[in-house]
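Below: the structure, in structure tokens.
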Amino acid sequence: MTRKPVAFRIEEKPEKPAKVSPSKARKTTAKRKPRAIPAADITLEPENFDLPPETTLPATTPEPQKVVKTMRWGALFLSAFTGLVMLWASVTFIKLIEDLFARSEILGWFGTGLLALAGLAALAIILREILGIFSLRKISNLQDQAQTARTSNDQKLAKKVISKLRSVYSDRHDMTWGLAALQDHETDIIDGRDRINLAERDLLQPLDEQAGQIIAATSRKVTLLTAITPAAILDILFVAAQNMKMLRQLANLYGGRPGAIGTFKLAGMVASHLAVTGGLALTDSLVQQIIGKGLLGRLSARFGEGAVNGILTSRIGLAALDLTRPIPFSPEMKPDLAEFLKNIVSFRQTTDENVKSS
Amino acid sequence: MKLSGLTDGTRIALGNVGDFASDLVTPSLRLGVTGLSRAGKTVFITSLVHNLIHQSRLPLFTPHAKGHIKRAYLEPQPDDDLPRFAYEQHLKTLTGQAGTGENRQWPHSTRRLSQLRVTIEYTPQGFFARNIHGGKLHIDIIDYPGEWLLDLPLLNQSYEQWSAATIKASTIAPRDKLAKDWRSFTEKLQPEEAANEADAVKAAQLFTDYLASCRDDQYALSSLPPGRFLMPGDLEGSPLLTFAPLALEAASTAPSGSLHAMMQRRYASYVDHIVRPFYVNHFARLDRQIVLVDALSALNAGPQAIADLKNALSDILASFRQGENSILSSIFAKRIDKVLFAATKADMLHHETHDRLENILSLIIEDAATRAKTTGAGFDVSAIAALRATREATIEHGGEKLACITGIPAKGEVIGSDTFDGNTQAAIFPGDLPEDPADALDGSLTDALHFVRFRPPVIKPAKPLQPAPALPHIRLDRAMQFLLGDYFQ
């Protein structure tokens, strides 16, 4: 609606110099009549040109595929089966306690205490897992909002995203500097898009470096151990374990804190993400061909395999970055595989001790 | 733009080769700052330089925010034949008396070309930068009146073509009223008769008056070539500026000694002695360009002013040599590879509506933008305030919340029935910018908007041993990042 220009003297009460009565303001609304399109008749499909003209959509990675819920029978089976197991377990435990009481009262109370402790611990674990899954979901929501704020240049949404980010990182010592830098331009007039980019630079860039080190360290370890483990089955197990550890570390680093189930869920998301983006990574496979079957492969078949596994780990790490980072990568910050490979072969010793694992 | 001749091309190429060679030692960046008069060029440069030198708050200017810039300082400019941009003097005008800010005012308008070199020392990242030039960058800021750009199309126009176009433009409202005196005089002249200096002087005088009256706030028209008529500088009264369009019949030739011939000759010398040297020596050697546009004054004046601004800007932008540089073109025929269009004085409205202002500006420069995009030049539109004179406030009024700006309106500014004295603070609600930028052109906004000029803000002087106070700004850092950011490799 169109509102007339008004001036207020600061000394006076703002209500007093009312120049425009609401009715007058409405009159000016009527002025908007000569608009060309009777919009009511037409329903336009949203198109590219509806966006503000200078906005270009950043090249985003495809969304991780949501797991399609088709397994209702499977779910029924699982719940029924779990119910049975639980029943069996409780009956067994009750029986055990009864037996213990029958033997001696002290033993019985001791057993009850142990059971209570176990129950408490189980509850805590379940709670933690649920929280883990929630925090993963929170990060993925944040990602969506940050992306929306960036593409639509929405100032309010950007501010909301940043206050959420602040709550995610508020208890971390290593983020103090970044949070302070962010606080510093809180009240400045900055576009939504730029605000998100600033948060990315101030908060996430230091984390990106650590993430790169984690990925590089894991890849190196995987390469080396694949090359020296004697049996194939062992290195499959080993690679899997290392990758899970890496995923968890990455999620922790960006404030996701998944539990065990959360990490498995993340692994599933990473797998589908890789499946989606894998088709684009044509050059990577070329690298793998050369390293795996080429030079290194000629030197030693095992070493070649190791290198391939290492590269695979790097790729999993990069995919996990896309999923665990609360703000999607801006195009200029997006790391590429070649850069990481350089990291792996460089002998800069990295430590994963500086990343807390909870 | 088509080069007017092989010689021009060669001279530009020579200039560029020289620049290229010196850039190998210490890279330099020629940043052109232009805009039609009163767009805020001087304030922009002053604030840009001040913010660079004093390392103020520029969160979006990445080299600064990441701490790559070690220091920045003013250095003697490379071209000795150009006036220096009087940075210190303009800064003093803007801040007024130290401490109280008394007598602070906006600096006078740009009347001539001037130049200023800022040298920045930074931590380089690339191998070449680290080892060859050691992280030094000269930024040569070239300030010139945008009106001169309106002259560039004259390079490709004959006197007869220009005459016809100018007379035609003067018949369109609201110019027809303003041009009445001059047109009635010029229609009485006999172009084919012997030249009479007195007639020429009178015609030029009336023509200049007409151009000057078009520029008044009330009309705020922009497309007024030839530019030197309004900013003669030391050429005032010289025959170069003593010509005017004549009402010529189609396909008429100029008999020698006639008024027509004299006007034709003077027009040709104007193009040769004023327009071409500017084009070859300065304009064709720019790397980056920022075009400042005072869209708000045009919105104040109404749809004709907007349409006129649109014309003027598309004329101006047709002269840019823009596009991506290849290695070869960067040596011989440098192009402007990034152009930023900035709607200045964005502090005259609340930041919530800045995106609408940007949309209106995008509409105004539509033609030019399309061209920039097809040539591959970087291109951006932004609402900025190089020196922010206001603060924002929300005021409840008539049951709704109005997003206002507060500041000290300049003396003589009027809103509604209020006239300001230049000392009282006031909160201003300037009206709603339209959601659909096309409304700005179709006249449906009459009286719905009024933007008030404010006095410059009071800048508190630095305390002893403290860094100089920052000049507040809106999105200046964003503009700097766009224009300069990628040079700090």
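Name the residue, out of B:Q218, B:Q205, that is open to solvent by 20 Å² or more (accessible area, probe 1.4 Å) and in a helix (DSSP H, G or I).
Matching residue, one of B:Q218, B:Q205: B:Q205.
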Determine the pairs where a residue that is in a loop (DSSP other than H, G, I, E, B), located within the stretch B:277-294, has a partner that is of a type in the set (A, V, I, L, M, F, W, C) with Cβ atoms under 6 Å apart, the partner being 6 or more residues away or on another chain.
-> B:L286/B:I336; B:D287/B:L29; B:D294/B:A39
Mind counting the residues in the stretch A:183-194 that are open to solvent by 30 Å² or more (accessible area, probe 1.4 Å) and facing chain B (nearest Cβ under 9 Å)?
-> 2
Across the stretch B:426-449, what is the total count of residues that are farther than 25 Å from B:L361 by Cα and more than 8 Å from chain A (Cβ to nearest Cβ)?
-> 0
Any chance the stretch A:204-219 includes a residue that's within 11 Å of chain B (Cβ to nearest Cβ), surrounded by fewer than 22 Cβ atoms within 10 Å (Cβ to Cβ) and within 20 Å of A:L253 (Cβ to Cβ)?
-> yes
When you look at B:A342, is it in contact with a Cys (Cβ under 6 Å, 6 or more places away or on another chain) and surrounded by 17 or more Cβ atoms within 10 Å (Cβ to Cβ), yes or no?
-> no
Candidate set from the stretch B:364-393 (those that are at the interface with chain A (Cβ under 9 Å from one of its Cβ atoms) and surrounded by 20 or more Cβ atoms within 10 Å (Cβ to Cβ)); member that is farthest from the chain's Cα centre (by Cα) = B:R388
Could you say whether any residue in the stretch B:410-425 is more than 10 Å from chain A (Cβ to nearest Cβ), buried (at least 17 other Cβ atoms within 10 Å of the Cβ) and touching a residue at least 12 places away in the same chain (Cβ under 8 Å)?
-> yes
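Let's see how each residue does on (1) at pLDDT 85 or above; (2) among the hydrophobic types (A, V, I, L, M, F, W, C):
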site: B:A301; (1), (2): no, yes
site: B:D308; (1), (2): no, no
site: B:N311; (1), (2): no, no
site: B:Q322; (1), (2): no, no
site: B:S329; (1), (2): no, no
site: B:R335; (1), (2): no, no
site: B:V339; (1), (2): yes, yes
site: B:A343; (1), (2): yes, yes
Residue match in the stretch B:395-407 (condition: more than 7 Å from chain A (Cβ to nearest Cβ), in contact (Cβ under 8 Å) with a residue 12 or more places away in the chain and open to solvent by 30 Å² or more (accessible area, probe 1.4 Å)) = no
Does A:N197 count as in a helix (DSSP H, G or I) and away from every other protein chain (no Cβ under 14 Å)?
-> no
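The values are calculated or read from the model by the stated rules, or taken from the named source; none is laboratory data. Every value quoted in this text rests on a predicted model; they were computed, and no experiment measured them. All Cβ positions, even for glycine, are placed from backbone atoms using ideal geometry, and neighbour counts span all protein chains on display. For accessibility, only protein heavy atoms count, side chains too; no ligands or nucleic acids. Shrake-Rupley method; radii C 1.70, N 1.55, O 1.52, S 1.80 Å.
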